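The block underneath contains the structure these notes are about, expressed in structure tokens.
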Amino acid sequence: MSHPDTQTLPGNPPSDRAAPHARPGTASDAFAGVAPQATAEWPTARLAVIDEDAVRLLVHTFYGRIRDDDMLGPVFREALEGRWDMHLEKMVSFWASIVLGAKRYRGNVTQAHQPFAHLSGEHFSRWLALFFDTLDNVFEPQAAFAFAEPAIRIAESLQLNLFGWEYSLPPAQRLLLDSVKQARPPRPQE
């Protein structure tokens, strides 16, 4: 499957920022080749503050991309047929719980993904690539990091649960995990 390096989006002004995969040295550089895609909700300037509306924008933009993706679209459409709205609200609650401390999410992430043991590391790599590309386009780097580290950790945990503890992350995911670790802001001294 090949992806163009850039794409002009209907209803959106062309971005004056290079696609994140075109910027060497960024975490998303590990996933070169991901085409930037978006919805009409795509912001013209990246957000620096995370609030409920920002989480909602991220979730709806990201899952709009998932629906249109050649690899992930069929998997998600089959799993969520007739339940997209419910899933989107659940994902808003999930991410708001993680980054805002909302404590609204009720569910078991590992259990929810058990029916998808037929997936491969490539599916997770693609999910992460789209997620990180969406983060990079929606948020300023510091705000994006609040989502980035949990996303890669959750992906790693899900893969170990689905594929067994002997499973090794694909190289692109390992590189992304290392990049996220290096980008972690220093903890304040006590």
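Here is how the numbers come out for the structure above:
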quantity: Residue tally, condition surrounded by fewer than 19 Cβ atoms within 10 Å (Cβ to Cβ) and either touching a residue at least 60 places away in the same chain (Cβ under 8 Å) or within 26 Å of Val55 (Cα to Cα) (or both), over region 152-171; calculated: 4
quantity: Residue identified as modelled with pLDDT under 75, surrounded by fewer than 16 Cβ atoms within 10 Å (Cβ to Cβ) and under 14 Å from Ala129 (Cα atoms) among Gly25, Gly33; calculated: Gly33
quantity: Verdict on Leu88 being surrounded by 12 or more Cβ atoms within 10 Å (Cβ to Cβ), more than 20 Å from Leu58 (Cβ to Cβ) and within 16 Å of the chain's Cα centre (by Cα); calculated: no
quantity: Selection from region 139-173 of residues that are more than 21 Å from His113 (Cα to Cα) and of a type outside the set (A, V, I, L, M); calculated: Phe139, Glu140, Pro141, Gln142, Phe145, Pro171
quantity: Within region 109-129, tally of residues that are in contact with a helix residue (DSSP H, G or I) (Cβ under 8 Å, 6 or more places away or on another chain), of a type outside the set (Phe, Trp, Tyr) and within 16 Å of Pro150 (Cβ to Cβ); calculated: 4
quantity: Any helices (runs of 4 or more DSSP H) falling wholly within region 88-190 and containing at least 3 residues that are at pLDDT 90 or above and out of contact with any His (no Cβ under 9 Å at 6 or more places or on another chain); calculated: 121-138, 141-163
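Let's see how each residue does on (1) modelled with pLDDT under 95; (2) farther than 18 Å from Phe124 by Cα; (3) of a type in the set (A, V, I, L, M):
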| position | (1), (2), (3) |
| --- | --- |
| Asp29 | yes, no, no |
| Val49 | yes, yes, yes |
| Leu57 | no, yes, yes |
| Phe62 | no, no, no |
| Arg65 | no, no, no |
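The values are calculated or read from the model by the stated rules, or taken from the named source; none is laboratory data. No experiment lies behind these values; they were computed from the predicted model shown. We place every Cβ from the backbone using ideal geometry, glycine too, and count neighbours over all the protein chains shown.
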